[in-house]
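Engineer: First the structure, then my questions, so here it is.
The values are calculated or read from the model by the stated rules, or taken from the named source; none is laboratory data. Fair warning: this is a prediction, and the values are worked out from it, not measured in the lab. Every residue, glycine among them, receives a Cβ derived from its backbone with ideal geometry; neighbour counts consider all protein chains shown.
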């Protein structure tokens, strides 16, 4: 397979455009306020916008890191990348809504603007939507790394770089698995009243840490004395 750098560049440019559009959807208002009251309403939305924008920038940085490592533009990369961007656009409104609710919980309704959750049933739906989007995003990121590792010969990757590709594929698969666990808990109604589908994301720290430790030991064992 022949890899054309221009193909990757065009794919990245298109992806950046989609991320920019997603960021636009997060903006609290598209028109310049005409009164002080309207300006005040816009400024109230600054905190939840910051939270949701930070999450979007994180996803963009993960996407950017993949293409820095693997300048691919083949059909499989286009397909997986398109699925990822589709989910990102779907993910914007649940992310924005959740950011408003989190800001309201941390800083009060005056700053967050209210989360709009009227019942535990609605809270369960919110956790399910967020968990599904989170899992889908990192599923496609993991699959991109799996595909990149399979193209090691065509890209001229060293054995160390191939191991690194498999490491990141497993890393993002862990994120996907935790998102699916949160989704399953939300659908089953397990611990929704105390926010367990949200607290479950705390597992990411120890799980990713354990995976990093295991991967480092495997790499050292492979390298030998």
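Engineer: Name the residue that is nearest to the chain's Cα centre (by Cα), counting only residues in segment 64-102 that are at pLDDT 90 or above and within 25 Å of residue 126 (Cα to Cα).
Structural biologist: 88
Engineer: Given the criteria assigned to a helix (DSSP H, G or I), modelled with pLDDT of 90 or more and outside the structural domain of residue 137 (by TED's automatic domain parsing), does residue 8 qualify? Give the derivation first.
Structural biologist: Numbers: assigned to a helix (DSSP H, G or I): yes; modelled with pLDDT of 90 or more: no; outside the structural domain of residue 137 (by TED's automatic domain parsing): yes.
No, not satisfied.
Engineer: A follow-up question, please. Check 169, 136 and return the single one that is closer than 23 Å to residue 190 by Cβ, in contact (Cβ under 8 Å) with a residue 24 or more places away in the chain and either under 15 Å from the mean Cα position of the chain (by Cα) or not in a helix (DSSP H, G or I) (or both). Outline the logic, then answer.
Structural biologist: Working: 169 fails: closer than 23 Å to residue 190 by Cβ.
On inspection, the qualifying residue turns out to be 136.
Engineer: Here is a list of conditions, (1) within 21 Å of residue 196 (Cα to Cα); (2) at pLDDT 80 or above; (3) not assigned by TED's automatic domain parsing to the domain that holds residue 179, and residue 129 meets all of them except one; can you say which number that is?
Structural biologist: (3)
Engineer: Looking at segment 139-155 only, could you name the residues that are part of a helix (DSSP H, G or I) and touching a residue at least 60 places away in the same chain (Cβ under 8 Å)?
Structural biologist: Narrowing segment 139-155 to residues part of a helix (DSSP H, G or I): 139-150, 152-155.
Residues satisfying the conditions are 140, 141, 143, 144, 145, 147, 148, 154, 155.
Engineer: Mind telling me which of the residues 180, 207, 203 ends up being under 21 Å from residue 85 (Cα atoms) and not in a loop (DSSP other than H, G, I, E, B)? Quick ask: steps written out before the conclusion?
Structural biologist: Numbers: 207 fails: under 21 Å from residue 85 (Cα atoms); 203 fails: under 21 Å from residue 85 (Cα atoms).
Only one candidate qualifies: 180.
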